[in-house]
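The values are calculated or read from the model by the stated rules, or taken from the named source; none is laboratory data. Since this is a predicted model, take the numbers as computed values, not measurements. Cβ: placed from backbone, ideal geometry, glycine included. Neighbour counts: every protein chain shown. Ligands, DNA and RNA are excluded from the accessible area calculation, which covers all protein heavy atoms including side chains. Shrake-Rupley method; radii C 1.70, N 1.55, O 1.52, S 1.80 Å.
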Amino acid sequence: PLSLVSGEHLRICPQGYTCCTSEMEENFANKSRSEFEAMTKDAGRSVQAILTAQYRGFDGYFQDLLNKSEKALYEAFPAIYGELYTQNMKVFKDLYSELRRYYRGSNINLEEALNEFWTRLLERLFKLMNPQYHITDEYLDCMVKHAEQHKPFGEVPRDLKVKATRAFIAARSYAQGFLVGSDVVRKVSQVSLSHECTRAVMKLMYCPHCRGMSSVKPCNNYCLNVVKGCLANQADLNTEWKYLMDSLIVVADRIDGPYNVDTVIGTIHMRISEAISNLQENKDSITAKVFQGCGNPKINTKGSSSEDKKRRGKVTLEAKSSAQALEMLVLDAKGNLTNLKSYWVTLPNVLCSKKVTAGSGADDKCWNGMTKGSYLPEVMGDGLANQINNPEVEVDITKPDMTIRQQIMQLKIMTNRLGNANIGNDVDFQDASDDTSGSGSGDACPDDVCGKRLAKSPSMRPPETHAIPKQSGHGVSGTGSRSLPSTLLTFLSVALLATQHLWR
């Protein structure tokens, strides 16, 4: 209109004299909705970018450690061990392949994989070092049964198993935590505005235009009430989100401390070399013990080389430390995680201060939803339960958003995994994302059920712990965690999904 007209036709804005037609009001409503959703997604994308960058940084570092160890083994072992290596190359390759698969989230029992490696290696090396005998598979089975007693590789297998499993468990959970966090933000950011919120955001952002006050910005407290009402479900992520950030920080300290991945992963080839050397140096006594326990094998009548190939010379195996790079990665991650802790409850302030209002401004010369003036209602608290008396948005606090409730469950599960990783416990990693390309965050165990250790060895004792911040009903603060039946989470998850339609 060229001049103010009666606003009786308006459905959202105050019905005084107006500059808007019904069509303009509808267009403004659609525009405000798309702009508000875009602002929320932009804020989420910045968090996703931070978490993804942390994941890529650590993942690249960890993979590089493993690659360098494997490369060092391939380059040095032929010169050191000759046929002992060349005829058993596949055993070593299979080990590193299993380690990578485990780190990537495959359902592998790491302790069993390491035990299998030492068993296969012992069987092959024993035959190579005793070519004058005909050693059957049955005889090897007997030898393996006595292996724990004779300790042919010395203390290396046990020591490596304890240290490597803890390092890999921590590394895998740590990397997975960043992916789960990023995935949660992505899915939550896609939640669309309700009809009530579309009206409230329109009234906040564009009704001043319809009153001829396009230059007047909304009052800050008015904006906060609108945004807190519309993002009430998102704010309910706050508690579990903080637990995830805190848990990642604790495990980061483990990775750069007691479970130091630089020391453990970067020296796997050296420990294997140490084990083989121990077997070679004690060959006669170990062979005698095996013969005593399993009997003397038959002489090999087909003929063979008189003895195994000895070392071909002194080759020093070294591990190039990247401890400084790890320290920098951990410091950077801890800084970012600390900054992200309060993301969900500070989001309304961020959107209002940077995107909607002009800053603090003059409190009595801002748009209060009706006209230019002061805004008197108090600001609501954070979360769904605090919106029962929100003066700007009608929020049904009895109907939580199901997508967000599911993501809260994902945060709980991942936090529990990190809590278990903190004390050296292994858990199942199952893909729980809604699509096949998801993060593999897991959906089949509650807060403490995932702490049930898959590994069977009693040698993997929990180390001293730095307690993860206590959580009401969570139990991931070190050894004091409480366990819930594994069926409970399954029931809860099914119940949440089953009630989705009822809530909506």
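Rolling a 1.4 Å sphere over the protein heavy atoms, what is the accessible area per residue of the stretch 1-96, to the nearest Å²? On a per-residue basis, the stretch 1-96 sits at 49 Å². A Förster radius of 45 Å combined with the Cβ-Cβ distance from Glu196 to Thr338 puts the calculated FRET efficiency at roughly 0.80.
Please report the carbon-and-sulfur percent of the accessible area for the stretch 75-130; probe 1.4 Å, protein heavy atoms only, DNA, RNA and ligands left out. Walk me through the numbers on the way to the answer.
Working: 1010 of 2180 Å².
C and S atoms contribute 46 percent here.
Solvent-accessible surface of the stretch 134-288, averaged per residue with a 1.4 angstrom probe and all protein chains in place: 33 square angstrom.
Accessible surface for the stretch 365-412, divided over its residues, is 51 Å² per residue with a 1.4 Å probe. In the stretch 1-46, a dipole from Cβ-located charges (positive for Lys and Arg, negative for Asp and Glu) runs towards its positive end, and of Gly44, Ser22, Val5 it is Gly44 whose Cα lies farthest in that direction. Each part reduced to its alpha carbon centroid, the stretch 31-77 and the stretch 215-294 end up 15 Å apart.
Given a 1.4 Å probe and every protein chain left where it sits, what share in percent of the accessible area of the stretch 190-293 is carbon and sulfur? Could the numbers behind the result be given before it?
Values: 1430 of 3430 Å².
Accessible surface attributable to carbon and sulfur in the stretch 190-293 totals 42 percent.
Here Val162 sits with roughly 20 square angstrom of accessible surface, probe radius 1.4 Å. My understanding is that a pair violates if its Cα-Cα distance is over 18 Å; which of Lys41/Lys354; Lys161/Lys412; Lys90/Lys161 do that in this structure? In this structure, Lys161/Lys412; Lys90/Lys161 exceed 18 Å between Cα atoms. Here the calculated FRET efficiency for Asp141 and Ile388, from their Cβ-Cβ distance with R0 = 51 Å, stands at 0.15, rounded to the nearest 0.05. Full extension of the chain between Asn282 and Arg56 gives 76.9 nm of extra length, using 0.36 nm per residue less the Cα-Cα distance. In this label model, Met328 and Glu8 are separated by 7.2 nm, measuring between points 7 Å along each Cα→Cβ vector. Strictly over 24 Å apart at the Cα level, which of Lys203/Lys242; Lys163/Lys289; Lys203/Lys372; Lys228/Lys341; Lys203/Lys365 would you flag in this model? Those over the limit are Lys203/Lys242; Lys163/Lys289. Taking amide H positions as modeled 1.01 Å from N, with prolines and chain starts lacking one, no residue 5 or more places away or on another chain lies under 5 Å from Lys372. Count Lys and Arg as plus one, Asp and Glu as minus one, and take only other residues whose Cβ is under 11 Å from that of Leu376; the net charge is then -3.
A dipole drawn for the stretch 123-227 from +1 and -1 charges on Cβ atoms has a positive end, and of His209, Val185, Gly154 the residue lying farthest that way is His209.
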